[in-house]
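The values are calculated or read from the model by the stated rules, or taken from the named source; none is laboratory data. Here the structure is a predicted model, which means the values were calculated and not measured. As a convention, Cβ positions derive from the backbone with ideal geometry for all residues, glycine included, and neighbour counts pool all protein chains shown. Side chains are part of the model used for accessible areas, which takes the heavy atoms of the whole protein and leaves out ligands, DNA and RNA. Shrake-Rupley method; radii C 1.70, N 1.55, O 1.52, S 1.80 Å.
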Amino acid sequence: MFSESQLDRMEKEYKEWLREYEKALQKMPERLERFSTVSDMEVKALYTPLDIKDKDYFEDLGFPGQFPFTRGVQPTMYRARLWTMRMFAGLGTAEDTNKRFHYLIEHGETGLSTAFDFPTLMGYDTESPLARGECGKCGVAIDTIDDMQRLFAGINLEEVTTSMTINPPASVIWAMYIANAENEGYDRKKLGGTIQNDCLKEFIAQKTLMLPPEPSLRLVVDTVEFGTYEVPRWNTISISGYHIREAGATAVQELAFTIYDGITYVEECIKRGLKVDDFAGRLSFFWNSHIDFFEEIAKMRAARRLWARLMKDRFKAQKPRSMMCRFHTQTAGCSLTAQEPYNNIIRTTVEALAAILGGTQSLHTNSLDEVYMIPSEEAVRIALRTQQILADETGVANVIDPLAGSYFVEALTDKMEEEAMVYIRKLDEMGGMVAAIEKDYPQMEIADAAYHFQQQVEKGEKIIIGVNKFPSARPDLEFILRIDDELENFQIERTRQFKARRDKVKLQKAMDELRRRCEGPPCWENNVMPALIDAVRAGATEQECCDLYREVFGTYSDPGTF
Amino acid sequence: MADERKLRILIAKPGLDGHDRGARVIARAFRDAGFEVIYTGCHQTPEQIVSTAIQEDVDLIGLSILSGAHRYSFPRIMELLKENNAEDITVIGGGIFPLEDIPKLKAIGIKEIFEPGAKLEDIVQWVRTHVKPRKAMVA
């Protein structure tokens, strides 16, 4: 990008500048012995064209909507359409969550995102003894297709896209969504949305575990295959770095492990016989936007470039859409503090701005009280307003990728990609992600990073305002949401009554067919989705389907290493 | 003092909550402080936690939870310890709890609750001050 003579002169003058700089330091030393990002990637005092001299604009950046998509996946980006404002919501019963959905839509959000409670995430109905005390606490309790109907009552399912954060039981919850939508007269070919369905990151980070890795992957491929032929507007996997980061990973680890999970899904789908260009355009990603502004922007730009190159070179994808890393972003829950919670609005604003400058397709902004529990209406409205103010008042959405060409941002983007590639090669050498998970490799890398960060906080090397600098006590906020412990009994009773009404013969037939397909070799004829849709329509509960999975495929428990 | 055995600590995660960052960090901090540490992994029932604590003859149980299910699991664990004549095992908790729940948790015998921002070295110091090796259980 610069002529050789310019670079030669710059190198000489940069060295001279450095001498000036050293002299200035004699009088006034730097604030810190070492400057680094929140992930502890070292940063220099100054970046110049010398830091990006080997970059080729066309090879490494290109234009928005063009390979390698560093500058964005669409040619128009936010000038044509803003990102989707998709607040993560789920609490109590299906009716409680439906009320929250309507509240958010009334206040201007443009897409839905569903948070399920822990029993639903792990494939248990509310009445399971393992679910005691959990009902509706961290999300909504969904046991049956009737709950699904209540969840989306009054919402146009062909107009609003819905993301559902569900992983091992994703096929079951998706079947409930499709069956309910069809019962209400919608066409499955027109349904748009996302199931998270990222089983690999569960072993690495989030730990909502159900089946061992191999059968988990089989079910993921079943959903991708079914989506490809039957629900073509649906994003069948949201390959998620969010939880990997929340578990303590660095930005590079988040990038590398997530992209490698993506590689694994693509490989598995190809093994099934799917053609890469038939399904890859429906894979999406999910990033965390942490507090270190430039590091996050660089991570998202690097993610697009890395994925595009891998899809083109490794998997020989032809269609541009197959190479696009389209992604949702959530601001970092783990960056929020229980102390002085109003400061969380400021943290979230900066993180949301990074996600926007990073080119996200949709965004969840955390609420100031999300550190305690599910947000109150008051707090969630402020969080949504944060996005709306950034979108409509600040002008940041008026130019595509405005930080391109910043010596620092480009150098950091390159470093992100290079360091992620070191992990990717290492995972290749280990024989892939399943082998690496079995060796506990990504889990321990993340545990090391989490412990290192905590030690840095304790030594004051990383600052958290209100915690280790200007420490403050936690206040008792008046508006914090309380989830009634009694909901559990209500939900148990409701599901029992639902079960008593079912046509047992029809249900048994559907479950027998589901079992036959699970026991058979993985292929289109044994794809679980058609049988699941019949089963949930005949009244199978989430747990009944998941228990069948557990019987056929076995279970997996957290090994509890640290 | 020299031949006093090392403190044995069980770090446990009750309920279905998968947020294990805090549990894994504190387990390492205890190990680095010279204690013997056992970690259950996620998704343990109160029954499993108490049974592991007794089998492993621990002096301290550290419960880590973020989901809000502590209102069921913590009292249940305390009840089970009592039923098994093991109420001399010290129990502490860590996580984010509604403020109004903290006195209730202490009232059922949980010795200390460590909230967000608690320093690892302060938690380690608390353990050194408040927990002594208990007498081995007679089988």
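At 7 Å along Cα-to-Cβ for each site, give me the label-to-label distance between B:Glu47 and A:Tyr47 in nm.
5.6
Rounded to two decimals, what ratio of Rg to Rh does chain B give with C-alpha atoms and a Kirkwood Rh?
0.93
Quick one: 3J(HN,Hα) in Hz for the stretch A:472-484, Karplus 6.51/-1.76/1.60 with θ = phi - 60°, rounded, Gly and Pro as x.
Rounded to whole hertz, the list is 9, 7, 7, x, 9, 6, 6, 8, 4, 6, 10, 9, 5.
With label points built 7 Å along Cα→Cβ from the Cα atoms of A:Arg321 and A:Glu525, find their separation and express it in nm.
For A:Arg321 paired with A:Glu525, the spin-label model returns 3.1 nm.
Based on the Cβ-Cβ distance of B:Asp57 and A:Arg31, what FRET efficiency does E = 1/(1 + (r/R0)^6) give at R0 = 51 Å, to the nearest 0.05?
0.55
How many angstrom lie between the C-alpha centres of the stretch A:492-562 and the stretch A:243-289?
26
Return the equivalent ellipsoid semi-axes of chain A as a descending list in whole Å, where each equals the square root of 5 times an eigenvalue of the C-alpha gyration tensor.
For chain A, the semi-axes come out at 41, 27, 22 Å.
To the nearest 0.05, how large is the calculated FRET efficiency for A:Glu267 and A:Ala24 if R₀ is 35 Å and r is the Cβ-Cβ distance?
E between A:Glu267 and A:Ala24, to the nearest 0.05, is 0.05.
With a Cα-only, solvent-free Debye model of the stretch A:467-507, what are the log10 I(q)/I(0) values at q = 0.19, 0.25 Å⁻¹?
Evaluating at q = 0.19, 0.25 Å⁻¹ gives log10 I(q)/I(0) of -0.76, -0.89.
Net charge near A:Ile166, counting Lys/Arg +1 and Asp/Glu -1 over other residues with Cβ under 12 Å of its Cβ?
-4
Please tell me the relative contact order of chain A in percent, rounded to the nearest whole number, where contacts are Cα pairs under 8 Å and at least six residues apart.
Once normalised by length, the contact order is 19 percent.
If you wrap a convex hull around the C-alpha atoms of the stretch A:22-125 and split its volume per residue, what is the figure in Å³?
Hull volume normalised by residue count: 254 Å³.
In Å, what Rg and Dmax follow from the Cα atoms of the stretch A:470-556?
Here Rg and the maximum Cα pair distance are 20.3, 66 Å.
In vacuum, with every alpha carbon of the stretch A:167-211 counted as one equal point scatterer, what does the Debye formula give for log10 I(q)/I(0) at q = 0.27, 0.31, 0.32 Å⁻¹? Two decimals, please.
Treating every Cα as an identical point scatterer, log10 I(q)/I(0) equals -0.91, -1.08, -1.12.
Per residue and in cubic angstrom, what volume does the convex hull of the Cα atoms of the stretch A:353-414 have?
Expressed per residue, the convex hull around the Cα atoms of the stretch A:353-414 is 109 Å³.
When every alpha-carbon pair in the stretch A:385-543 is counted, what percent end up more than 28 Å apart?
The answer is 68 percent, as a whole percent.
Taking a quarter of the surface of the convex hull around the Cα atoms of the stretch A:320-444, what do you get in nm²?
Directional mean of the projected Cα hull area for the stretch A:320-444 stands at 11.0 nm².
Quick one: divide the alpha-carbon radius of gyration of the stretch B:98-139 by 2.2 N^0.38 Å and tell me what you get.
1.49
Translational D (Stokes-Einstein, µm²/s) of the stretch A:67-225 at 4 °C and 1.567 mPa s when Rh comes from the Kirkwood sum over C-alpha pairs?
Reported coefficient: 77 µm²/s.
For the stretch A:161-177 and the stretch B:23-84, compute the distance between their C-alpha centroids and round to whole Å.
Taking the Cα centre of the stretch B:23-84 as reference, the centre of the stretch A:161-177 is 32 Å away.
Could you list which residues have their amide H under 5 Å from that of A:Ser36, counting only those 5 or more apart in sequence or on another chain, with H placed in the peptide plane?
Amide H neighbours of A:Ser36: A:Val43.
For A:Asp96, A:Asp40, A:Asp60, what's the largest-to-smallest order of accessible area, 1.4 Å probe?
A:Asp96, A:Asp40, A:Asp60
Give the relative contact order (percent, whole number) for chain B; include only Cα pairs under 8 Å separated by 6+ residues.
26
Tell me the Rg and the Dmax, in Å, that the Cα atoms of the stretch A:110-178 produce.
Radius of gyration, then largest Cα-Cα span, for the stretch A:110-178: 12.0, 39 Å.
Which distance in nm do the two modelled labels at A:Gln456 and A:Glu478 give, with both placed 7 Å along the Cα-to-Cβ direction?
3.9
What are the residues of the stretch B:54-86 that lose 30 Å² or more of accessible area, with a 1.4 Å probe, going from their chain alone to all protein chains?
B:Ser67, B:Ala69, B:Arg71, B:Tyr72
Output the relative contact order of the stretch A:150-309, whole-number percent, from Cα pairs under 8 angstrom with separation of 6+ residues.
Reported relative contact order: 21 percent.
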